[in-house]
Amino acid sequence: MLTFILNMDLQQTIKKYKLPHLAGWVLLLAGWYFLRYQDFSTTKLAVGITAIKVVDLAILVYITNYLLIPRLLYKRKYALFTLIYISMIFTSSILKIFIVGNILNPSGGFSVWDNFKTRFYDNVIPHFLLVSTGAAIKLMKDYIQSQKRLSQVSIEKAETELKFLKSQINPHFVFNTLNTIYFQIDKSNTLARESLLQFSDLLRYQLYDCNADTIEIEKEMQYLRDFVQLQQKRKDENYSITMNGSMNVKGFRITPLLLLPLVENAFKHISHYNEKENIIRIHAEKEGTDFLFKVENTKEPAQVSTERKSGGIGLQNMQRRLELLYPQQYTLEISDGGEWFIVLLKLAIK
């Protein structure tokens, strides 16, 4: 049943910790049986009833912890979470009462609603408390992990800034030098002047605009457009490079330079056919509360690249940043088949 409910990542998590989970449920079964076995006429009946209760509790705990909490509670859908949570526990409790009651009264005549107040007190309320305990453990564990992740992000950010400061050239010197070179270029050489201005804009964005944790998506997209135009000037007419974005890609912020590795990877691994066109397609759009960024490039199937198989160092670093900065808020799909290399990033907008 859980296989159909949990997605692949959650299934892998359960498989990874299956022995501790299994040991925990077995201990609970043994303890529950030891405390209540005298309430039943036979050992077989006691084990069977206890197993039903433990399995029922386990199903509710896993549904709550791996489905309701990540998909509803963490996405601030509090009302829907509360409604489903309470309804699920109440329905499961009534079903459990019905099953156990009919096992204990095989001759029939059992009704769930007889003496319902006592049954509610003895079944529904303990059920609610037990499932809530499991949810509390999950929330505490996630909180501890998030604190560790934030600490790790702070350390890595500090290390990155330190490396950047060590390698940074005085920006005023850089821009003054670029300005000098610009005026030394003959005015008739408009292509060289435009390229130098574009490079200056790219450098200014990296040195000044990227100091903040997040930046407007409009600025990030403009940076990518300048980068693409500058790269495109190095290619001949046998290369088709297009970049387009929906008009609704605006009004939200994103981590600076997060998308650049996807575009750099396309230029790095694009095919070099002489007899047919080499293509890079970049597309961005906003879909509800998600930002979609897709990069496609043609590649040569016969080309051997050890970096390609692992996704490239740039893509690996990018995925690491996503895990730290956007935990459980992104999907990154990489397709490396045939003559195309395709990367699709889906990012929840903060």
FRET efficiency for ALA158 and VAL55 from the Cβ-Cβ distance with R0 = 41 Å, rounded to 0.05, comes out at 0.30
Past 31 Å, Cα to Cα, is the threshold; run LYS138/LYS346; LYS148/LYS299; LYS53/LYS350; LYS157/LYS286 against it and keep the listed order. LYS148/LYS299; LYS53/LYS350
Starting from the range 189-267, pick out the chymotrypsin sites (Phe, Trp or Tyr not before Pro) whose DSSP state is loop and whose Cβ has at most 10 other Cβ atoms within 10 Å. TYR208
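Quick note: the coordinates plus some simple rules give every number you see, no bench work behind them. Just so we're clear, the structure is a prediction, and the values are computed from it rather than from any experiment. Neighbour counts are summed over all protein chains in view; Cβ atoms, including those assigned to glycine, are modelled from backbone coordinates with ideal geometry.
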